[in-house]
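Here's the structure, in structure tokens; my notes come after.
The values are calculated or read from the model by the stated rules, or taken from the named source; none is laboratory data. All values reported here derive from a predicted model rather than from experimental measurement. Counting neighbours? That spans all protein chains shown, and the Cβs are built from the backbone with ideal geometry, glycine included.
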Amino acid sequence: MKGALDWLDQRTGFRQLVEDLFFANIPGGSRWRYATGTAVIFCIFIQFVTGVALWLSYSPSTQTAWESVNYLQNHVAGGWMLRGLHHYTAQILPVVLALHLMQVVIGGAYKAPREVNFWFTLLLIQVVLFMALTGYQLPWDQKGFWATKVAMNILGIVPVIGQKLQTILIGGPDYGQLTLTRFFGIHAGILPGTLIALLIIHAYLFRRHGFKGAQSSRKPDAPFWPDQALRNAVVCLAIAATLSFLIVRHRLFGTSGPLGAELGAPADPSEPYSAARPEWYFLFLYQFLKYFPAQMEIMGAIIIPGIVMTIIFLMPFIGRSPSGHRFNIGFLACVFVCAGLLASIAFSGDAHNSSYQAAVKAARLEAERVKQLADSPTGVPAGGAITLLRNDPFTQGPKLFAKNCASCHRYNGHDGLGNFVKDPQHASDLADFGSRAWLAGLLDPECVSSTNYFGATKLRDGKMPKFVKTKVAHYMPEQKAQLQKVIAAVSAEAQLKSQALSDAHDAADIVEGRALFRDAIGCADCHQLREPDENATAPDLTGWGSREWLVKFLNNPAHPNFYGDHNDHMPAFGEKQILTSQSIGLIADWLRGDWYEPAKP
Amino acid sequence: MSMQSQPASAKSGRRSFFKGAFAVVITGIAALVPSLAAFFVLTDPLRRAGESISSVRVTSLEALPNDGVPRKFPVLAPRTDAWNKYADAPIGAVYLRRTGERSVEALNVVCPHAGCFVDFSGERGQFICPCHNSSFKVDGSRAALTSPAARGLDSLEVEVRADGSVWVRFENFEAGRAEKIPVA
């Protein structure tokens, strides 16, 4: 064994290296605060290990980036842990780097002859921050898409080269396929390569000059091994424990939040994202930008940060005198305090901003919904997950209703999205449309003339309210029972998912109800139900409330089969091309409660 | 190799200078081969002409009540994204506001400050950017001089055709500038 090691040592000199590494002298002995450098290296080690594993799971294209990340997060055992580690290490790395920088400056380790090594530390910090920015975008979810778009636009204001640089980075005038290939290549290739080169030079220079150590210490010198090594190991374990805690904390406390890193809804360039914010360690810059009026943002985004960086770069020269050294410490502390202050202003501003909170909530709901849809039997189509939300009645129905219907109609009294509508209600409330309860309300003398039915339309004085108020109002119990069967029969036409059970249960009543519709109650005097009648004057109730009926109705409510000349303000959404047939279908499905629901666990 | 035994040629003046110079130049040329190839590919987006912009149908007049409130519509248009061609890709969104019987104003929803989508707040009657709080009046002009945006919301050419359809010539403009410079 010894012979083999001697052989190897003669050819590599590894014994000397081990000696240098493990038995380097630390003036004044080991200390906890010397562990910051190791903490940085440990974080970068985690990023390399998890980053390579993520790389082997990731597919950078607009149809597959989100999809591959979602697959990893939700369908690969331990995928959430891998993503979580990479994500949260990126979150704590800025803290660890800031501590390291403070330790270097306070300990005077930036002064001669270590100036060059100090500059490499600063370059390393910038590379890490740029990696964070590029990595933010790779999942291609709404958050990363919009937040990095803002960063790219800020890059675009750099004089002369800004726009060109932006075009090269994003691979064209707008975000697309090449944005992902380039960001991925930068994040996983160029920057890690640069980082390794910087670290090698940093380590070489560090070995050359050795530990800085304390200037005046009562403690004796000590070698790195084993005292400092043990302290460093404990710090690494503390980091790993912190990361694990951050990853599983929502499960530990039962709070709502993702296991590991969050994944939003897939990026959609036509869908605004009002919850866009940079990562917390960029929040100070984000907040800073708010204070600069038009055309001055270059001051906030580039010139002032540039001046601060330049001063930090010049610290080795400023620090030659004792007062200069004190200035350096004070300046760095001031920078961190200001950044912390700006970030907390941004935080508390958002905490008190109800529209931002609403946007965050909406974004979480969409993220949760798209996960359900991706897990559904249909799954993610080859064209990408973006169509999942666009074709989902549960997601699009309320939005379409709020925009196109809620100026007259209501849904449970709101606009579909839960907002109060200022305009007075002109037409019926369509929550539960097609159900027995909705029909029973229409046939209730107390309700028919309320604004939730015909009350605010010109049909208020029509035959239907008159029928309800003069006939139904005086029904005997026996007729009331008949009316219930008619209601069941007409409501069964809608074939609502929510009523499937009761429709099947009351099949006999429904058959009877159809006969009563024609004869006893007299609905057929004006309406048709499954029996064509050329003299019908009121909407055809064959298939009333079904998808097909609703789509035709939305296409043109003034069609002779529906309101004909009696139509009030309801636009012909299809025929007038106000809405596409797809949108009309989505509204119809949503009103009927027909959307994918995951099976209850 | 020990430092004492330098080859004689290294010391002999002009000839070794030229050899050295050639070594540098030749290495430089050799290194240029892969570097130029990489440079040309990476800067390719700069040399590409932007897609020609034509008007696209966004909606019809019926969808725009004459109440002075802007309404947001997605803009779907043909798009070539590197190797993909889309017949109707979402390329952005516009706020449309009816200003008369047959006249409509169109504003790009992108905030000219940093590129977020602005929201129209019915309560304030203004567009508010959720990112850096820029605010704009209903006609798109800046609402406050302290607003971080350097210009008002970008108005777009809009055309109401005989059949009542509303067509918009959709364009994006460089963020952060006082002038409207189309993004090429």
- What do you reckon, is residue A:271 farther than 25 Å from residue A:157 by Cβ and more than 8 Å from every other protein chain (Cβ to nearest Cβ)? no
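Restricting region B:100-121 to residues that are part of a strand (DSSP E or B) and of a type in the set (S, T, N, Q), which is nearest to the chain's Cα centre (by Cα)?
B:108
Suppose we filter A:370, A:421 for residues that are surrounded by 16 or more Cβ atoms within 10 Å (Cβ to Cβ) and at pLDDT below 90; which single one remains? Lay out the reasoning, then the answer.
Working: A:370 fails: at pLDDT below 90.
Exactly one of A:370, A:421 is surrounded by 16 or more Cβ atoms within 10 Å (Cβ to Cβ) and at pLDDT below 90, namely A:421.
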- Task: Considering only region A:473-584, give the helices (runs of 4 or more DSSP H) lying wholly within it that have at least 1 residues that are at pLDDT 90 or above and polar (S, T, N, Q).
- Result: A:477-492, A:500-505, A:547-555
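Considering only residues of region A:257-268 that are under 16 Å from residue A:380 (Cα atoms) and in a loop (DSSP other than H, G, I, E, B), which is nearest to the other protein chains (Cβ to nearest Cβ)?
So the first thing to find is which residues in region A:257-268 are under 16 Å from residue A:380 (Cα atoms), and the list is A:263-268.
Okay, now just the ones that are also in a loop (DSSP other than H, G, I, E, B), so A:263-265, A:267-268.
Values: A:263: 21, A:264: 15, A:265: 14, A:267: 11, A:268: 7 Å.
Step by step, filter region A:257-268, then rank; the result is A:268.
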- Note on the structure: Taking region A:173-208 and keeping only residues that are free of Cβ contacts under 8 Å to residues at least 40 places away in the same chain and more than 29 Å from the chain's Cα centre (by Cα), one is left with A:193, A:196, A:197, A:200, A:203, A:204, A:208
- Item | Among (1) of a type in the set (Val, Ile, Thr); (2) loosely packed, with under 15 Cβ neighbours inside 10 Å; (3) under 23 Å from residue A:592 (Cα atoms) - the single one residue A:448 does not satisfy | (2)
- Query: Taking region B:48-69 only, how many residues are among the hydrophobic types (A, V, I, L, M, F, W, C) and in a strand (DSSP E or B)?
  - Reply: 2
- Note on the structure: Across region B:152-184, the tally of residues that are under 14 Å from residue A:173 (Cα atoms) and touching a Lys or Arg at 6+ places or on another chain (Cβ under 7 Å) stands at 1
- Query: So, of the residues in region A:305-325 that are outside any helix (DSSP H, G or I) and touching a residue at least 12 places away in the same chain (Cβ under 8 Å), which turns out to be surrounded by the most Cβ atoms within 10 Å (Cβ to Cβ)?
  - Reply: A:319
- Message: Which of the numbered conditions does residue A:228 fail, given that it passes all the others? Conditions: (1) away from chain B (no Cβ under 14 Å); (2) without any contact (Cβ under 8 Å) to a residue 24 or more places away in the chain; (3) not acidic (Asp, Glu).
- Response: (2)
- Note on the structure: Over region A:294-304, the set of residues surrounded by 15 or more Cβ atoms within 10 Å (Cβ to Cβ) and of a type outside the set (Asp, Glu) is A:294, A:295, A:298, A:299, A:300, A:301, A:302
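Can you confirm whether residue B:102 is within 12 Å of chain A (Cβ to nearest Cβ) and surrounded by fewer than 14 Cβ atoms within 10 Å (Cβ to Cβ)?
Taking the combined requirement at face value, the residue does not satisfy it.
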- Item | Long-range neighbours under 7 Å by Cβ, at least six apart or interchain, first residue over 10 Å from residue A:426 (Cα atoms) and at pLDDT 90 or above within region A:448-471, second crowded, with 16+ Cβ neighbours inside 10 Å and of a type in the set (Ser, Thr, Tyr) | A:465/A:449
- Task: Report, ordered by the first and then the second residue, all pairs with beta carbons closer than 8 Å, sequence separation of six or more or different chains, a first member in region A:344-361 that is over 17 Å from residue A:279 (Cβ atoms) and polar (S, T, N, Q), and a second member that is assigned to a helix (DSSP H, G or I) and modelled with pLDDT under 95.
- Result: A:357/A:350; A:357/A:351
- Message: If I filter region A:58-75 for residues that are hydrophobic (A, V, I, L, M, F, W, C) and surrounded by fewer than 17 Cβ atoms within 10 Å (Cβ to Cβ), do I get at least one hit?
- Response: no
- Message: If I go through region A:168-190 residue by residue, how many of them are in contact with a Ser or Thr (Cβ under 7 Å, 6 or more places away or on another chain) and over 15 Å from residue A:140 (Cα atoms)?
- Response: 4
- Can you name every residue in region A:128-151 that is of a type in the set (A, V, I, L, M) and either touching a His at 6+ places or on another chain (Cβ under 8 Å) or within 14 Å of another protein chain (Cβ to nearest Cβ) (or both)? A:131, A:138, A:147, A:150, A:151
- Message: Just to verify a result, which residue in region B:108-121, among those that are in contact with a Lys or Arg (Cβ under 9 Å, 6 or more places away or on another chain) and within 25 Å of residue B:167 (Cα to Cα), is farthest from the other protein chains (Cβ to nearest Cβ)?
- Response: B:120
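Residue by residue through region A:557-595, note down the ones that are among the hydroxyl-bearing types (Ser, Thr, Tyr) and either under 16 Å from residue A:403 (Cβ atoms) or free of Cβ contacts under 8 Å to residues at least 24 places away in the same chain (or both).
Those that are among the hydroxyl-bearing types (Ser, Thr, Tyr) and either under 16 Å from residue A:403 (Cβ atoms) or free of Cβ contacts under 8 Å to residues at least 24 places away in the same chain (or both): A:580, A:583.
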- Message: Can you tell me which residue is nearest to residue B:61 (Cα to Cα) among those in region A:563-580 that are away from chain B (no Cβ under 14 Å) and surrounded by fewer than 19 Cβ atoms within 10 Å (Cβ to Cβ)?
- Response: A:568
- Message: Which condition from (1) modelled with pLDDT under 95; (2) within 20 Å of the chain's Cα centre (by Cα); (3) among the aliphatic types (A, V, I, L, M) is the one that residue A:112 breaks?
- Response: (2)
- Pick from region A:244-284, criterion under 30 Å from residue B:72 (Cα atoms) and among the hydroxyl-bearing types (Ser, Thr, Tyr), ranking: farthest from the chain's Cα centre (by Cα): A:270
- Query: Exactly one of (1) under 19 Å from the mean Cα position of the chain (by Cα); (2) surrounded by fewer than 14 Cβ atoms within 10 Å (Cβ to Cβ); (3) not in a loop (DSSP other than H, G, I, E, B) is unmet by residue B:37. Its number?
  - Reply: (1)
- Could you list, in sequence order, the residues of region A:266-291 that are surrounded by fewer than 20 Cβ atoms within 10 Å (Cβ to Cβ) and modelled with pLDDT under 85? A:270
- Task: Tell me which of these residue B:176 doesn't satisfy, since it passes every other one: (1) surrounded by 20 or more Cβ atoms within 10 Å (Cβ to Cβ); (2) more than 8 Å from chain A (Cβ to nearest Cβ).
- Result: (2)
- Task: Please go through region A:1-48 and pick out each residue that is surrounded by 12 or more Cβ atoms within 10 Å (Cβ to Cβ), of a type in the set (Val, Ile, Thr) and farther than 13 Å from residue A:223 by Cβ.
- Result: A:36, A:38, A:40, A:41, A:44, A:46
- Among the residues of region A:152-185 satisfying the criterion of being part of a helix (DSSP H, G or I) and within 18 Å of residue B:111 (Cα to Cα), which is nearest to the other protein chains (Cβ to nearest Cβ)? A:153
- Can you tell me which residues in region A:326-352 are loosely packed, with under 15 Cβ neighbours inside 10 Å and under 24 Å from residue B:129 (Cβ atoms)? A:341, A:344, A:347, A:348, A:349, A:351, A:352
